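The structure appears right after this line, and notes come after that.
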Amino acid sequence: MALQYKPTRMELSNLKKRRTVAIRGHKMMKDKRDELVRRFIILARRNQTLRVEMEKKLGEAMQNFVLARAVMSSNEVEEALLYPARAIGVEAEKQNVLSIPVPKLSLETQDGFVYPYGFATTGSDLDGAVQALAEVLPLMLELAEVEKATSRLADEIEKTRRRVNALEYVMIPQFDAAIHDIQMKLEENERGNTSRLMKTKEMLAKEA
């Protein structure tokens, strides 16, 4: 949208003030964008670390389950895993990252880990599988938290980038062009007034 203005000194003063505010806002938005990008990179690296660690734990659990199934029947495995090892809960809260709400997930568990079966009919491979799954649950929660935060930051980075570009390539150049145009017109009017004044003086001098 083109900037609307009148070629007056008051309008010139208002445009200069608006340009100053736009430049200040542009700097603040750029600083915010840079900080968002920095936080995004940190979260993306943490995301990658958590994903690799989680996949490793899941691989260990699946491998142990396969070994357990090799020495135990399906009914024995199902019976052993019929009851949970412990009660757990997930508490979801919100935290702000540069005024952006992101989730904060907390795992609530009972103290201690107890295998939900006896050891007479089970092997150590099943113990390892259950232990690995118990260890992977906090990683999965943190990964979900980090992935959501990364997604929110990515959206905010894109919005901030568009605002920075709008100020840098649209608004501020429009202010510059309008200010230059008004200054040129005011100088032209001033030269016209000076020329008319000189002609008036010449006419008065001739009449005298």
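Evaluate the following for residue 83: is it open to solvent by less than 60 Å² (accessible area, probe 1.4 Å), at pLDDT below 75 and among the aromatic types (Phe, Trp, Tyr)? Judged against the criteria, residue 83 is not a match. Of all residues in the stretch 96-109, none satisfies being over 29 Å from residue 39 (Cβ atoms), surrounded by fewer than 11 Cβ atoms within 10 Å (Cβ to Cβ) and at pLDDT below 80. Can you run down the residue pairs with Cβ atoms below 6 Å, 6 or more apart or on separate chains, where the first is in the stretch 2-13 and at pLDDT 90 or above and the partner is open to solvent by 50 Å² or more (accessible area, probe 1.4 Å)? So the pair list comes out as 11/5.
Looking at 43, 15, just one residue is in a helix (DSSP H, G or I), more than 23 Å from residue 159 (Cβ to Cβ) and open to solvent by less than 60 Å² (accessible area, probe 1.4 Å), and that residue is 15. Candidates 204, 133, 197, 137: the one that is at pLDDT below 90, open to solvent by 40 Å² or more (accessible area, probe 1.4 Å) and within 29 Å of the chain's Cα centre (by Cα) is 137. (1) farther than 30 Å from residue 39 by Cα; (2) touching a residue at least 60 places away in the same chain (Cβ under 8 Å); (3) open to solvent by 70 Å² or more (accessible area, probe 1.4 Å): which one isn't true of residue 175, the others all being true? Among (1) farther than 30 Å from residue 39 by Cα; (2) touching a residue at least 60 places away in the same chain (Cβ under 8 Å); (3) open to solvent by 70 Å² or more (accessible area, probe 1.4 Å), residue 175 violates only (3).
The values are calculated or read from the model by the stated rules, or taken from the named source; none is laboratory data. None of these values were measured; they are calculated from a predicted model. Please note: Cβ atoms are built from the backbone with ideal geometry, for glycine as well, and neighbour counts cover all protein chains shown. The area values use the complete protein model at the heavy-atom level, side chains included, leaving out ligands, DNA and RNA. Shrake-Rupley method; radii C 1.70, N 1.55, O 1.52, S 1.80 Å.
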